[in-house]
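K.L.:
Take this structure first; my questions come after.
The values are calculated or read from the model by the stated rules, or taken from the named source; none is laboratory data. If you're wondering where the values come from, they're calculated on a predicted model, not measured in any experiment. Note: ideal-geometry Cβ built from the backbone for every residue, glycine included; neighbour counts use all protein chains shown.
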Amino acid sequence: MSVWFEGNIEIDCNIKQVKLALKSIGEFYAGIIGLMPGLKSAELTEEGSNFVVIKTDEGHMTRANMKQRIDDRSVVVEFDEEYRAKTMVTTKAYFVDEFTTSGKGVKYHTTISDLESTGLMGFFYGKFGASKTGNAFLAACKKYLENLKPD
């Protein structure tokens, strides 16, 4: 497995809020994608027992083979992603999102691996986009969870 990006961020929430947000995994990930820089929209268009399809103003994202592991202090979500940004580029990658109780709230750790991308734009994205994209995912997830109303 070839790691393309790996990073973490502290989120001011609790693990119960993360578990509640993941009850609708499609809405959760559509909400996070909608906060990514440069995107104007992200809409959940389809959701099944182990996949979601999100339409953005740039294309379609499918997150499939989703698996969740949940215990008292953590949540781990794993999935394959394919993102088709119009005709310019298609990317495929494997994600592992880990949420763990920490002293300050929740530590969110994400790993993006086995990235494949097509075309010239895909080449540049794969070569130079890891830090910007990975950190944008971290920040979007933090913002999404911190803006949820605690129960």
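K.L.:
Check whether at least one residue in region 19-34 is at pLDDT 95 or above and not in a helix (DSSP H, G or I), and report yes or no.
P.N.:
Checked against the condition, which is being at pLDDT 95 or above and not in a helix (DSSP H, G or I), region 19-34 yields at least one hit.
K.L.:
Right, something else. Kindly list, by first and then second residue, each pair from a residue in region 101-124 that is under 18 Å from Gly7 (Cα atoms) to a residue that is charged (D, E, K, R) and part of a helix (DSSP H, G or I), limited to pairs with Cβ atoms under 8 Å and residues at least 6 apart or on different chains.
P.N.:
From residues that are under 18 Å from Gly7 (Cα atoms), the pairs are Tyr108/Lys142.
K.L.:
Since Lys142 meets every condition but one in (1) surrounded by 18 or more Cβ atoms within 10 Å (Cβ to Cβ); (2) closer than 23 Å to Val53 by Cβ, which condition does it not meet?
P.N.:
Going through the list (1) surrounded by 18 or more Cβ atoms within 10 Å (Cβ to Cβ); (2) closer than 23 Å to Val53 by Cβ, Lys142 breaks only (2).
K.L.:
Can you confirm whether region 10-32 contains a residue that is touching a His at 6+ places or on another chain (Cβ under 6 Å) and either within 14 Å of Leu145 (Cα to Cα) or among the acidic types (Asp, Glu) (or both)?
P.N.:
No: region 10-32 contains no residue that is touching a His at 6+ places or on another chain (Cβ under 6 Å) and either within 14 Å of Leu145 (Cα to Cα) or among the acidic types (Asp, Glu) (or both).
K.L.:
Here's another thing I want to ask about it. Against the condition touching a helix residue (DSSP H, G or I) at 6+ places or on another chain (Cβ under 9 Å), among the small types (Gly, Ala, Ser) and surrounded by 13 or more Cβ atoms within 10 Å (Cβ to Cβ), how does Gly7 come out, does it pass?
P.N.:
Criteria met by Gly7.
K.L.:
Which residue, of Val53, Val89, is surrounded by 17 or more Cβ atoms within 10 Å (Cβ to Cβ) and closer than 26 Å to Val18 by Cα?
P.N.:
Val53
K.L.:
So, in region 92-135, of the ones that are more than 15 Å from the chain's Cα centre (by Cα) and of a type in the set (A, V, I, L, M, F, W, C), which residue ends up modelled with the highest pLDDT?
P.N.:
The residue in question is Val106.
K.L.:
Something else about it: Please tell me if Ala64 is touching a Ser or Thr at 6+ places or on another chain (Cβ under 9 Å) and not in a loop (DSSP other than H, G, I, E, B).
P.N.:
no
K.L.:
Further, regarding this structure: What residue, among those in region 10-50 that are hydrophobic (A, V, I, L, M, F, W, C), without any contact (Cβ under 8 Å) to a residue 40 or more places away in the chain and touching a Gly at 6+ places or on another chain (Cβ under 9 Å), is nearest to Gly129 (Cα to Cα)?
P.N.:
Here the answer is Ala42.
K.L.:
Can I ask one more? Does Asp72 fit the bill of being under 27 Å from Ile11 (Cα atoms), among the acidic types (Asp, Glu) and part of a strand (DSSP E or B)? Give the derivation first.
P.N.:
Numbers: under 27 Å from Ile11 (Cα atoms): yes; among the acidic types (Asp, Glu): yes; part of a strand (DSSP E or B): no.
When the stated conditions are applied, Asp72 does not pass them.
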